[in-house]
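Structure, as structure tokens:
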Amino acid sequence: MMVGQHVVARRPLHGSVHTLYMIMDGSTVVHTSISTPNADDCHAAITKHTRRVAAALTEKTIAKAKRKPRALRVKEAA
């Protein structure tokens, strides 16, 4: 189902009259909702997800940079 320019998947909840709406960013579920999301809800959820992914990547990069480099093998002069 399209809400504005965003893809929203629907799935009926087992044993209930409600439907679960899943806001998608590509193949990733970004946010779920019981009520039908509007275009603003979709945009906010995707923006929040994008910021969260960027922050995680930044933390990973900083942690990797803080690691000590592996010991270099020193060649002996003959």
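Report the charge-dipole magnitude of the chain in Debye, nearest 20, computed about the Cα centre from +1 at each Lys and Arg Cβ and -1 at each Asp and Glu Cβ.
Working: 13 positive and 5 negative charges, 166 e Å.
With Lys and Arg at +1 and Asp and Glu at -1, about 800 debye.
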Rank ALA56, HIS6, TYR21 by how far each Cα sits towards the positive end of the charge dipole of region 2-66 (+1 on Lys, Arg Cβ; -1 on Asp, Glu Cβ) and give me just the farthest.
ALA56
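Hey, what number do you get for the chain at 222 nm if only DSSP H runs of n ≥ 4 count, each worth -39500 (n - 2.57), divided across all residues, to the nearest 500?
Working: 1 runs with 28 residues, N = 78.
Only helices count here, giving -13000 deg cm²/dmol.
Under the definition of Cα pairs under 8 Å and six or more residues apart, what whole-number percent is the relative contact order of region 8-47?
Numbers: 51 pairs, mean separation 12.0, N = 40.
Rounded, it is 30 percent for region 8-47.
Against the globular-protein guess of 2.2 N^0.38 Å, express the Cα radius of gyration of region 2-66 as a ratio, rounded to two decimals. Kindly include the intermediate steps, with their values, before the conclusion.
Numbers: Rg = 15.2 Å, N = 65, 2.2 N^0.38 = 10.7 Å.
Rounded to two decimals, the normalised Rg is 1.41.
FYI, it's all coordinate maths here, none of it is from the lab. Just so we're clear, the structure is a prediction, and the values are computed from it rather than from any experiment. Cβ: placed from backbone, ideal geometry, glycine included. Neighbour counts: every protein chain shown.
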